[in-house]
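> Sending over a structure as structure tokens; questions will come in a sec.
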Amino acid sequence: MGDVREGIIAGFIATIVLTVAMLAQNAAAYWPDVNFISMLQSASGTQGSPAMAWVLHFIIGGVAWGGLFAVFSPHLPGPHWLRGLIFGLLAWLAMMVAFLPAASMPMFARGLPNASDIIQVTLGLHLLFGVVMGEVYDLLLRYMPSEVDENA
């Protein structure tokens, strides 16, 4: 098992990068129908409370995905950026299969007029998240070593 503390830190940093990409996407009006925060509000029942959805966004990205990445990273192949990419793909699949139905949308957004946008944007953002998390996790393990030597 990897170092969960470093995984959570890497998850938070990757969530910040993901958030900047989401805000840039919204500001540029690219794929305006793809809005994670409104989907999260719908899935969590916090309609009317975007602040709570943002808090959940950081808890999910930092604590949940970051901690899980630290646990599974030693069992994934390749360098940490590739491990992050694989993990990002798995997180995206979880979103497509579990999160979208929780947000009152069909799995893989099947049948929605903007399904291809939802699939492409969310996949790209999850892969970005994974690569950043993998690289930050690797840097933390190298420069803030603990008792865990994942690279051994």
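> Want the number for Ser116 to Leu89: 0.36 nm per residue separation, take away the alpha-carbon distance, what's left?
Full extension from Ser116 to Leu89 adds 8.1 nm.
> Another question about this same structure. Say R0 is 22 Å: what FRET efficiency, to the nearest 0.05, do Ser38 and Ile16 get from their beta-carbon distance?
Computed FRET efficiency for Ser38 and Ile16 comes out at 0.65.
> A further question follows. Rounded to the nearest 500 deg cm²/dmol, what is the calculated helix-only ellipticity per residue at 222 nm for the chain, with -39500 (n - 2.57) per DSSP H run of length n ≥ 4?
-20000 deg cm²/dmol
> A follow-up question, please. Just how large is the dipole of segment 13-152 about the Cα centre, in debye to the nearest 20, putting +1 at every Lys and Arg Cβ and -1 at every Asp and Glu Cβ?
Computed about the Cα centre, the dipole is about 260 debye.
> Could I ask something else about it? Over segment 70-132, give the accessible area per residue in Å² for a 1.4 Å probe, as an integer.
47 Å²
> Now for a different question. With a point put 7 Å past each Cα toward its Cβ, work out how far His75 is from Ala51 in nm, to one decimal.
3.9 nm
> Can you list the HN-Hα couplings for segment 114-129, worked out from phi with the Karplus curve (6.51, -1.76, 1.60; θ = phi - 60°), rounded to whole Hz and with x for Gly and Pro?
10, 4, 5, 4, 4, 5, 5, 5, 5, 5, x, 5, 5, 5, 4, 4
> When Lys and Arg each count +1 and Asp and Glu each count -1, what net charge do the other residues less than 14 Å away from Gly11, Cβ to Cβ, add up to?
Overall, the nearby charge balance is -2.
> Could you give the spread of the C-alpha atoms of segment 12-64 along their three principal axes, from largest to smallest, in whole angstroms?
27, 26, 14
> Taking the Cα atoms only, what angle lies between the long axis of helix 4-27 and the longest principal axis of the chain, rounded to 10 degrees?
30 degrees
> Placing +1 on the Cβ of each Lys and Arg and -1 on the Cβ of each Asp and Glu in the chain, which of Ala51, Ser73, His126 has its Cα farthest towards the positive end of the resulting dipole?
Ala51
> Place the peptides 89-102, 56-69, 122-135, 15-28 in order of packing, highest mean first, counting for every residue the other Cβ atoms within 10 Å and averaging per peptide.
Per-residue mean Cβ counts within 10 Å order the peptides as 122-135, 56-69, 89-102, 15-28.
The values are calculated or read from the model by the stated rules, or taken from the named source; none is laboratory data. From a predicted model like this one, the values you see are computed outputs, not experimental measurements. Please note: Cβ atoms are built from the backbone with ideal geometry, for glycine as well, and neighbour counts cover all protein chains shown. In case anyone asks, the SASA skips ligands and DNA or RNA and just uses the protein heavy atoms, side chains included. Shrake-Rupley method; radii C 1.70, N 1.55, O 1.52, S 1.80 Å.
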